[in-house]
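The structure under discussion is supplied below as structure tokens; questions concerning it will follow.
Read-outs throughout are calculated quantities, based only on the coordinates presented, and are distinct from any laboratory measurement. Since the model is a prediction, treat every value here as computed from it, not as a measurement. Counting neighbours? That spans all protein chains shown, and the Cβs are built from the backbone with ideal geometry, glycine included.
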Amino acid sequence: MSLAVDLRMNTRFVLTAFLTLAACRERSSDEAKPSKIVAPAPPCEKCTLDAPTEATRPLPLLVVMHGNNEDAATAAKRWKDVATDRGFVVLSLQCPRGAGCEDGKWYLWQRTPTWIAEQVREVIRAMPIDQTKIYAAGWSGGATALGMHAPVIDQMFAGVVFHGGGQPPLTTRECPAHAMPAYFLVGDGNPAHPAAVRLRDYFERCDQELTWDLLPGAGHGREDKALDRAKAGQILDWLEQHAREPNVS
């Protein structure tokens, strides 16, 4: 083989390799290119819906439940900035007085679990939600309701946060059918703390994974203040480590 032919073949090989590498880089660049996210209107009256402005993956969803005599916008403030920075969508729900929920007391309203499921489905229809990463965080009375409905909401949430509250289901013989890890951020200076302890015991008896983040001596005010940016970020990271296996109904 002549030197000229050999050079032509080597040149062709190098050019082909270069073009192949360039195409791979282009595809990789396209895959990593973030997509703009436009949050639709919230699915319910006085609810709030916050999302990152762009994303490169399906979005985890955090459903926030307010406390008694509180509103969705106030409850959302505890989570939304840190969560959207981490790529979460945050749906903060307003317990609907017009539908029978008085004083925002989720745990007294019989429709709480079915109504929440309806709002979550609306968000899933409207946004690119990662259905293996749908979580709930309840504050005070919202945490109480999450605990009381644990055997029902386990199909909906891959993990739950009980912040400043919690109470086990009225019928504690029934355990969640699906894994639903729980993070407790609670203070033993809260007069309602014994109910949160009973909820912890229920989760342990049902072989559910949990993290017990106790604030010694903390009353309700200190429980609330304990959820600063650092703590919220820590809890969100913990939730993402507990994604549900795909195709779990």
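Mind pulling the per residue volume of the convex hull built on the Cα atoms of the range 40-180? Å³ is fine.
Numbers: hull volume 13.5 nm³, N = 141.
It comes to 96 Å³ per residue, whole-number rounded.
Also, I was wondering about something else. Around residue 97, with a cut-off of 11 angstrom between Cβ atoms, what is the net charge of the other residues, counting Lys and Arg +1 and Asp and Glu -1?
Numbers: positive: 46, 105; negative: 45, 71, 102, 103.
Neighbour charge sum, excluding residue 97 itself: -2.
I would also like to ask the following. From the C-alpha gyration tensor of the chain, pull out the three semi-axes of the equivalent ellipsoid (sqrt of 5λ each), sorted largest to smallest, in whole Å. Walk me through the intermediate numbers first.
Working: eigenvalues 419, 77, 58 Å².
After diagonalising the Cα gyration tensor, the semi-axes are 46, 20, 17 Å.
Run through the DSSP bridge list for the chain and note the antiparallel percent, rounded to the nearest 5. Numbers along the way, then the final one.
On the way: 5 of 31 bridges.
Percentage antiparallel, nearest 5: 15.
Another question about this same structure. Computed FRET efficiency, Cβ-Cβ of residue 37 and residue 201, R0 41 Å: what is it to the nearest 0.05?
Numbers: r = 40 Å, r/R0 = 0.99.
Plugging the Cβ-Cβ distance into 1/(1 + (r/R0)^6) gives 0.50.
Which order do 144, 114, 74 fall in if you start with the one that has the fewest other Cβ atoms within 10 Å?
Working: 144 28, 114 10, 74 13.
Fewest to most other Cβ atoms nearby, the residues stand as 114, 74, 144.
With the crude spin-label approximation of a point 7 Å out along Cα→Cβ, what separation in nm comes out for residue 85 versus residue 228?
Between residue 85 and residue 228, the simple spin-label model gives 1.3 nm.
Now for a different question. By how many nm would the segment from residue 173 to residue 211 grow when fully extended, if each residue of separation counts as 0.36 nm and the alpha-carbon distance is taken off? Spell out each step's value before the answer.
Working: separation 38, 0.36 × 38 = 13.68 nm, distance 2.19 nm.
Taking residue 173 through residue 211 to full extension adds about 11.5 nm, to one decimal.
Size of the dipole of the range 35-240 about the Cα centre, Lys and Arg at +1 and Asp and Glu at -1 on the beta carbon, nothing else charged, in debye to 20? Mind showing how you got there, number by number?
Numbers: 21 positive and 25 negative charges, 46 e Å.
So the dipole magnitude of the range 35-240 works out to roughly 220 debye.
Can you list the lysines whose alpha carbon sits under 29 Å from that of residue 36, skipping same-chain ones fewer than 8 residues off?
46, 77, 80, 133, 231
For the chain, calculate the relative contact order in percent as a whole number, restricting contacts to Cα pairs under 8 Å that are 6 or more residues apart. If you can, show how the numbers build up before the last one.
Working: 457 pairs, mean separation 37.5, N = 249.
Once normalised by length, the contact order is 15 percent.
Rounded to the nearest 500, what is the chain's calculated 222 nm mean residue ellipticity when only DSSP H runs of at least 4 contribute -39500 (n - 2.57) each, over all residues?
Numbers: 9 runs with 100 residues, N = 249.
Computed mean residue ellipticity for the chain: -12000 deg cm²/dmol.
For the pair residue 45/residue 132, report the inter-label distance in nm, with labels modelled 7 Å from Cα in the Cβ direction.
3.9
Using the Karplus curve 6.51 cos²θ - 1.76 cosθ + 1.60 with θ = phi - 60°, what ³J(HN,Hα) values do you get for each residue of the range 56-69, in whole Hz, with x for Gly and Pro?
Going residue by residue, I get 10, 8, x, 9, x, 10, 10, 9, 9, 10, 6, x, 4, 6 Hz, with x marking Gly and Pro.
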